[in-house]
Structures are given as structure tokens and as C-alpha cells.
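Novice: Please read through the structure below; I'll follow up with questions.
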Amino acid sequence: MKAYFGLKFLLLLLLFGCNDTPTPPIDLVKKAGFCLTFDDTYIKNWNNILPLLDSNDVKATFFITQIYKISKEEIDLLKTFQDKGHEIGCHGWQHIDALKYLENHTLQNYFNIEIKPALDFMNNINLYPTSFSYPNGYNCDSLNSCLLNTFNVIRDITDEQRRPLEKKTLKILMKYVFALINKGLFLHWGLIKILIYH
Ligand SMILES: [Zn+2]
């Protein structure tokens, strides 16, 4: 059964895959490091922490989803981020759960409804993302191979990060977050998400 499913999936990939040959990730950096990334549409909140990033010479990647909901003012902010050296990435058109969607659809279907409209919209306003982050981190190898034909970098999250936090851990984390807020540090949900998930 498993083998049949695997074969069926491979056939689907061969028949409907975004492109014929998967492209390996490009060899960007050889030394150790980390990427600071923010997801979704919290553009005004991100703008509040931009001085903190810039004053420390930290570059971040902002992965945008549902860009059709974003105001002109927020689009302009994104362009300001980019002008300052930060990266604007793609986080999907409708923020759908890729794995759930692929239970009943092909990779090409996913590309057509989640990736293409997002890229078309972004390109139309002169944003050209070369990196992608999966909504909620849900992905699979065949989809990664498919999307690496379009993006240079794809951001995943680990299974541990995907797992809901234990109540006890969350309690400790929130205590830490509130202590920072009490000290006057402005925290927003995007940053809290980074602390929790990323
Ligand atoms: Zn998201």
C-alpha cells in the first residue's frame, strides 16, 4: 500500500511536477550562521523594530503572505526595508497548508494557486522574491524539489518547532516575554512568533 502510494505520488510528480528536473539549492554561504526571518503581514510592527535591526547591522528576511490584503502604505514600507538591505520573501498567496492541500491536489495545482499568484502580484509591484517559507512549515520533499525550480532558498521549520508547546514551556516563555515588555521593550506578535516557532 505504502509502495503503491509512493509510486502514485512519483507518477503525479512526473506528470504534473512544476518542472522536469529538481534544482539543488545553490551554495550560498559556506560559513556557519543563522537567518532571522519574520512571517505573515505584520509590516507596521516590523517597521517598529527596524531601527533595532539596522542599528545592529542585522539583516532580516520578511516573508509575506496574502499580499493582496496589504495597503499601499505597507507596500511602501516593504520597499523601504528592501532599500535598507533586508530581504522580502514569499510566504504564499493564501497561506494554505501544503500537506493538507496535496492530499487531494497535484504539485502543479499547489504551484498555480499558492505560488504563481503571489509571485505575479509581487513582481507587478517590483518585488522579486527568491526565497520562500512554507505556511506553518508544512512541506514534503517532492514539493521542495518542485519549488527549488523557482526559489533559491526555502525555509523550513523543524518538527520540534511544529509541535505545539507544552503548557509548562509556554508559561515560562510568556513569563520571559512579559518581563521584557515590563522593561520597556516593545514586542509584537511577529517577534513572539520568532521566539516560539523560529
Ligand atoms: Zn505564516
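What follows draws every value from the coordinates through simple rules; no lab data is involved. Here the structure is a predicted model, which means the values were calculated and not measured. Virtual Cβ from ideal backbone geometry, glycine too; neighbours counted across all protein chains shown.
Novice: Can you give me the distance in nm between label points at Leu36 and Lys116, each placed 7 Å from the Cα along the Cα-to-Cβ direction?
Specialist: Here the answer is 3.7 nm between the modelled labels.
Novice: What translational diffusion coefficient, to the nearest whole µm²/s, does segment 59-134 have by Stokes-Einstein, given a Kirkwood radius computed over alpha-carbon pairs, a temperature of 25 °C and 0.890 mPa s viscosity? Numbers along the way, then the final one.
Specialist: Details: Rh = 12.9 Å.
Answer, rounded: 191 µm²/s.
Novice: Give the separation of the Cα centroids, segment 78-103 to segment 111-129, in Å.
Specialist: 9 Å
Novice: A follow-up question, please. Could you please report the charge total around His95, scoring K, R as +1 and D, E as -1 over all other residues with beta-carbon less than 11 angstrom from its beta-carbon? Intermediate results must be reported in sequence, preceding the final value.
Specialist: Working: positive: Lys69; negative: Asp39, Asp40, Asp97, Glu114.
After counting each charged neighbour, the total is -3.
Novice: For Asn149, list long-range residues whose amide hydrogen, built 1.01 Å from N in the peptide plane, is under 5 Å from its own amide hydrogen.
Specialist: When sequence neighbours closer than 5 places are left aside, the close amide H contacts are Thr23.
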